[in-house]
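Visitor: This structure is in structure tokens; I'll ask about it shortly.
The values are calculated or read from the model by the stated rules, or taken from the named source; none is laboratory data. All of these numbers come straight from a predicted model, not from anything done at the bench. As a convention, Cβ positions derive from the backbone with ideal geometry for all residues, glycine included, and neighbour counts pool all protein chains shown.
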Amino acid sequence: MRKLAVLTGGGDCPGLNAVIRAVVKAAYHHKIEVLGIRDGFRGAVEGEFMPLGLSDVSGILPRGGTILGTTNRDNPFAYEMKLNGLTQVVDRSDDVLRNLRERGVDALLAIGGDGSLNIALKLADKGLKVIGIPKTIDNDLMATDQTFGFQTAVDTAQDALDRLHTTAESHHRVMILEVMGRYAGWIALYAGVAGGADVILIPEIPYNIDRVALAIQQRANQGKKFSIIVVAEGAKPLGGEMVVERLVSGRFDPLKLGGIGAKLGNDLEEQCGMETRVTVLGHLQRGGSPDAYDRVLSSRYGVAAVEAALDGEFGVMVALHGRDIVRVPLIQAVDRLKLVPLNDPLLLAARELGIEMGD
Ligand code: F6P
């Protein structure tokens, strides 16, 4: 093992730089060279590499974002290109293999979520030595207890809820916080419990608007003239659909979600007659410095990925199982999304806390 390449793919999240730093430091320790690939798989296709030494990663542990850049489009197997003035979709996965081979790269460390790790798996099927590192604020990757970036996103959402609480109470309003979470409601669930929400709506449980309205009404009857609702962007009403803002071509998942908070706000105002305000937390959840938990987890993932490469174990993802970092087959990680199960201990606790889950 002489040379590793590393890329960050998909939506960014707090802790990416901490992983890159850990990879470079651990590789240095084992006398392995590291090449960074710019902007995820786009750079792998286009051959945009940069050497990464200790000085390049100095000071980046607390920094949000990724020094390498990232993208949640540009799939090498379905790569959009302008040919003769027309946009065409072509398979450029062979270019990735060639670019890595030409630079003497022995293995690729792919830091990514569902989309990027699916690509990594397909490249592994073509013979590339790949190790995955689980990233996403959504925490929806199978085969690991936690992805890095999730905890910091929860902290950010909880801070927003604390702030909404004081203004909700002063104005006697219903405050809705729309958080990220396309198919999995982990952020909404954890932030909602941490932030003392009265209602938590997640994609896994289609909500009955009457139940939500009743919960707010009951609070009002008990003298609580304000309510706090957390809704995941992928939540949907019973018998209804997710609210899609628009379609984005070339993205791993073309659905750009957003707007469920506004819909819920309108419906509730109509039904309860209480003044309602909506806050969409959006990309604030993805930005900023990783918290201590994510810095530790990211550092451990980076070191573990280099160790896996040294052991010659490829086609795997490093994963958190309890307190241990283990290696799991990549296929297990991307097989299906890790949704909130209906018997999840925190979900059950939320119900016992009297939080309305909308069903
Ligand atoms: O996958 C992470 C995620 O944060 C989703 O929760 C969200 O829907 C999506 O990224 C937004 O991505 P974009 O950067 O394209 O707006």
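Visitor: If you go through segment 285-306, how many residues are under 30 Å from residue 80 (Cβ atoms) and out of contact with any Ser or Thr (no Cβ under 6 Å at 6 or more places or on another chain)? Reasoning before the result, please.
Guide: Applying the first criterion (under 30 Å from residue 80 (Cβ atoms)) to segment 285-306 yields 285-287, 305.
Now restrict to residues that are out of contact with any Ser or Thr (no Cβ under 6 Å at 6 or more places or on another chain): 286-287, 305.
The qualifying residues number 3.
Visitor: Please enumerate the residues belonging to segment 47-71 that are free of Cβ contacts under 8 Å to residues at least 24 places away in the same chain and either touching a helix residue (DSSP H, G or I) at 6+ places or on another chain (Cβ under 9 Å) or within 25 Å of residue 153 (Cβ to Cβ) (or both).
Guide: Initially, segment 47-71 is screened for residues free of Cβ contacts under 8 Å to residues at least 24 places away in the same chain, giving 48, 50-51, 55, 58-59.
Listed by number, the residues that qualify are 48, 50, 58, 59.
Visitor: Residue check, residue 165 against (1) away from the ligand (no atom under 13 Å from the Cβ); (2) surrounded by 22 or more Cβ atoms within 10 Å (Cβ to Cβ); (3) under 27 Å from the mean Cα position of the chain (by Cα), all met but one. Which one?
Guide: Failing condition for residue 165: (2).
Visitor: Name the residue, out of 194, 188, that is of a type in the set (A, V, I, L, M), more than 17 Å from the chain's Cα centre (by Cα) and within 25 Å of residue 136 (Cβ to Cβ). Even if it seems obvious, please write down each step before you answer.
Guide: Values: 188 fails: more than 17 Å from the chain's Cα centre (by Cα).
Exactly one of 194, 188 is of a type in the set (A, V, I, L, M), more than 17 Å from the chain's Cα centre (by Cα) and within 25 Å of residue 136 (Cβ to Cβ), namely 194.
Visitor: Then there is this: Assess whether residue 264 counts as being modelled with pLDDT of 95 or more, within 16 Å of residue 285 (Cβ to Cβ) and either in contact with a Ser or Thr (Cβ under 6 Å, 6 or more places away or on another chain) or buried (at least 24 other Cβ atoms within 10 Å of the Cβ) (or both). If you could, list the steps in order and put the result at the bottom.
Guide: Working: modelled with pLDDT of 95 or more: yes; within 16 Å of residue 285 (Cβ to Cβ): no; either in contact with a Ser or Thr (Cβ under 6 Å, 6 or more places away or on another chain) or buried (at least 24 other Cβ atoms within 10 Å of the Cβ) (or both): yes.
Answer is no for this residue.
Visitor: Within segment 230-240, is even one residue away from the ligand (no atom under 16 Å from the Cβ) and part of a helix (DSSP H, G or I)?
Guide: First pass over segment 230-240, keeping only residues away from the ligand (no atom under 16 Å from the Cβ): 237-240.
After this cut, where a residue has to be part of a helix (DSSP H, G or I) as well, the list is none.
Scanning segment 230-240 turns up no residue that is away from the ligand (no atom under 16 Å from the Cβ) and part of a helix (DSSP H, G or I).
Visitor: Let me ask something else. Is there a residue being within 17 Å of residue 180 (Cα to Cα), within 11 Å of the ligand (Cβ to nearest atom), of a type in the set (Asp, Glu) and free of Cβ contacts under 8 Å to residues at least 60 places away in the same chain anywhere in segment 245-252?
Guide: Taking every residue of segment 245-252 in turn, at least one turns out to be within 17 Å of residue 180 (Cα to Cα), within 11 Å of the ligand (Cβ to nearest atom), of a type in the set (Asp, Glu) and free of Cβ contacts under 8 Å to residues at least 60 places away in the same chain.
Visitor: Still on this structure, please answer the following. Could you identify the single residue in 4, 100 that is farther than 28 Å from residue 182 by Cα and not in a strand (DSSP E or B)? First the steps, then the outcome.
Guide: Details: 4 fails: not in a strand (DSSP E or B).
Testing whether each residue is farther than 28 Å from residue 182 by Cα and not in a strand (DSSP E or B) leaves just 100.
Visitor: Which number in (1) in contact with a Cys (Cβ under 8 Å, 6 or more places away or on another chain); (2) among the charged types (D, E, K, R); (3) not assigned by TED's automatic domain parsing to the domain that holds residue 71 marks the one condition that residue 162 misses?
Guide: (1)
Visitor: Only one residue in 90, 57 is among the β-branched types (Val, Ile, Thr), within 25 Å of the chain's Cα centre (by Cα) and farther than 24 Å from residue 141 by Cβ. Which one? Talk me through it step by step, then tell me what you get.
Guide: Values: 90 fails: within 25 Å of the chain's Cα centre (by Cα).
One residue alone meets the criteria, 57.
Visitor: Of all residues in segment 1-54, which are within 16 Å of the ligand (Cβ to nearest atom) and in contact with a strand residue (DSSP E or B) (Cβ under 7 Å, 6 or more places away or on another chain)? Working first, answer last.
Guide: The initial filter retains those residues of segment 1-54 that are within 16 Å of the ligand (Cβ to nearest atom), namely 8-16, 39-42.
If the condition is that a residue be within 16 Å of the ligand (Cβ to nearest atom) and in contact with a strand residue (DSSP E or B) (Cβ under 7 Å, 6 or more places away or on another chain), then 8, 9, 10, 13, 15, 16, 40, 41 are the ones that fit.
Visitor: Follow-up. Could you say whether any residue in segment 199-215 is touching a residue at least 60 places away in the same chain (Cβ under 8 Å), away from the ligand (no atom under 16 Å from the Cβ) and of a type in the set (Ser, Thr, Tyr)?
Guide: yes
Visitor: Tell me yes or no: at least one residue of segment 135-144 is within 15 Å of the ligand (Cβ to nearest atom), among the aliphatic types (A, V, I, L, M), assigned to a helix (DSSP H, G or I) and in contact (Cβ under 8 Å) with a residue 24 or more places away in the chain.
Guide: Looking for residues that are within 15 Å of the ligand (Cβ to nearest atom), among the aliphatic types (A, V, I, L, M), assigned to a helix (DSSP H, G or I) and in contact (Cβ under 8 Å) with a residue 24 or more places away in the chain, one finds none in segment 135-144, hence no.
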